[in-house]
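Down below is the structure, laid out as structure tokens.
The values are calculated or read from the model by the stated rules, or taken from the named source; none is laboratory data. All values derive from a computational prediction rather than experimental measurement. Quick reminder, even Gly has a Cβ in these numbers, built from the backbone with ideal geometry, and neighbours come from all protein chains shown.
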Amino acid sequence: MEVDTKVQPPSANTTATTTTTTDYMDEDTVNPSSEQQQQESQEQSDDLFAVALLIDELKHEDVQYRLNAIKNLPVIAKALGPERTRNELLPFLQECIDDEDEVLVVLAEELSNLTDYLGGIENAYHLLVPLENIAAVEEASVREKAVESLCQLVDNIAPNHVEQYFLPLLKRLSMGEWFTSRTSAAGLYAATYKRVPANVQAELRNMFAQLVRDDSPMVRRAAAKALSTFAEQLSTNDLLGGGLELLQELAQDSQDSVRLLAAEDLVAFGKLFTPEQNSQHLLPIFKALAEDKSWRVRYMVASEYVEIAQAFGEPIVREHFTEPFLSFLDDPEGEVRTAAAGRITGYAQLIDKDVAIERLLPCVRDLVADENQHARAALAKEVSGLALIVGQMPTMEYLLPTFLQQLTDDFPDVRLNVISSLDEINKAIGIERLSQALLPAIHELSEDKQWRIRLAIIEYIPLLAKQFGAQFFEEKLLDLCMAWLRDKVFSIREAATTNLQRLTQVFGAGWAEEAIIPRIQKMATDDNYLHRMTVIFALTTMADALPANTVRDSVLPTVIDLSTDLIPNIRFNVAKSLETMIPLLKQNPATLELISSMVKPTLEKLSIDADGDVKFFATRALETGILIN
């Protein structure tokens, strides 16, 4: 495909000639309107040239060029105009269906944006042909994007074109030889159903039923995924008739990969039915899935348990849902127990408090020693929520021993999950009862071999600080916080400096000035240059939360003293620190004069440093922070 006019960039000779001619013309003889026309003509020529380049990129051998061109399809279509877009661009794009998957994903997405460039919704049906071909390719992600665009398109095309053009497309995909086209068809029924008359809707229901009964498990899986959205479009009679029958067939499918998707459909059907209909029609399906021989099906039911229960309604939940849930908590498969453990709090909110105490809490006590570490970790996230539901006395009897045992668990994620929910636990039973077991767990986590575990515990320190109070925290945990400043991993040292800032916000600047600043200043003479550099980071980060006198008397002098350090990395970080602090100093009259008396001389000295990096950062700080107001 080519642009009619061969657009070439203006040549250097042409420009020179034009300029020379203009020089000899009198100003009064120059026609302003002619100059404007020339400028507009030049801009139009440049635009056509850019479009020509994009069209060439559609055929480029480099994938990145093709991606760039496809992302600019609206620009190309606008330049070509509606007629040429329909007659030339779309057929050309249809020839590109054999491209790379990543290109086809973008193409499927951009095609749905071309409606306005085809001449309006009356011509939007022209997009169906390339999208139909893309919807039948092998790669699932490409098909999904094509189906998404087709659903968007069926909402926008002219009403008479739905039956004339879209319905035949849906039939072709539904009866395609390859399973790929039939899987794509399943996702189109819900969007199409609401735009066709009643007699066509009956035909669509029969066609969808054929997909549910397809020989290919992949097609039946696609139908099971699409059933919930399709069911929302059905009338109550159609839902109780054919819709319910399809759900029953999927729930009894020979493939567990299909049956597990029926568990998700239960949520949608439960919301559409009345409680009486749920009890009569859906409850048997739910019980069969909950007792399924495949652990994958049971896992899916356990994962969706709260959503299914909410859809069925409180009376059914109270009578029929507790026993299956207890079975999941004691399931032979660890994955099922993990899924159920992660839903304990959500389910406890749906049942009576007495039932939660009598039936769920004993299971929690057993689950805390589960052999599956992921099940224990999932439970650890739920303990705090249970504590708020059952109240103080049951929490003291059942959950406090559980909580203390989890704090000593071998799996770090269990301990982290418990500590992360400390605020809720404190509301239920008070921090005094926990501190004895909590502190050893915190110290153990802070020394974990995995640096990500140490990083995670740092994030919870300010939360602990709020619970413990300044005096207790300073006695038990401040040494630990300062030790992190010397960690071998940079990310830990960086997080430790942010932690000190957050502690300052929790306990106040006065506490930080007495408890933290002196300890940081001592590190400024440490033999390890990394520790000295951490001093700069820590003081710079904390400066925001400190009063002006502390910045003047403690922070700034310590940073400036390090400007004479032998290590260039230290010196250029001093320059970066001063650049950061200059705006803070300018904000307060008490520190404004420090810029000229302390900061500027230091930066001027660093700007003539022998090291190039030091000179660069010092010069930048002078230019941006001091010379430019």
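With respect to LEU562, determine if the residue is assigned by TED's automatic domain parsing to the domain that holds ALA524, assigned to a helix (DSSP H, G or I) and modelled with pLDDT under 90.
Working: assigned by TED's automatic domain parsing to the domain that holds ALA524: yes; assigned to a helix (DSSP H, G or I): yes; modelled with pLDDT under 90: no.
No; evaluated as a whole, the condition is false for this residue.
For segment 50-164, the helices (runs of 4 or more DSSP H) that sit wholly inside it and include 2 or more residues that are out of contact with any Leu (no Cβ under 9 Å at 6 or more places or on another chain) and at pLDDT 85 or above are 101-111, 140-154. Figure legend. Inter-residue proximity from segment 596-615: first residues in the same structural domain as PHE572 (by TED's automatic domain parsing), second residues part of a loop (DSSP other than H, G, I, E, B), beta-carbon distance below 9 Å, spacing 6+ or different chains. Indicated pairs: VAL614/SER607; LYS615/SER607; LYS615/ILE608; LYS615/ASP609. Within segment 65-76, restricting attention to residues that are crowded, with 20+ Cβ neighbours inside 10 Å and under 21 Å from ALA135 (Cβ atoms), the residue that is nearest to the chain's Cα centre (by Cα) is ILE70. Selection within segment 360-396: residues that are assigned to a helix (DSSP H, G or I) and among the acidic types (Asp, Glu). The member of this set that is surrounded by the most Cβ atoms within 10 Å (Cβ to Cβ) is GLU382. Take the conditions under 25 Å from CYS481 (Cα atoms) and buried (at least 21 other Cβ atoms within 10 Å of the Cβ) and apply them to MET542. Does it pass? In short, yes. Meeting the requirement of 1 or more residues that are among the β-branched types (Val, Ile, Thr) and over 16 Å from ASP410 (Cα atoms), the helices (runs of 4 or more DSSP H) wholly within segment 439-484 are 451-468.
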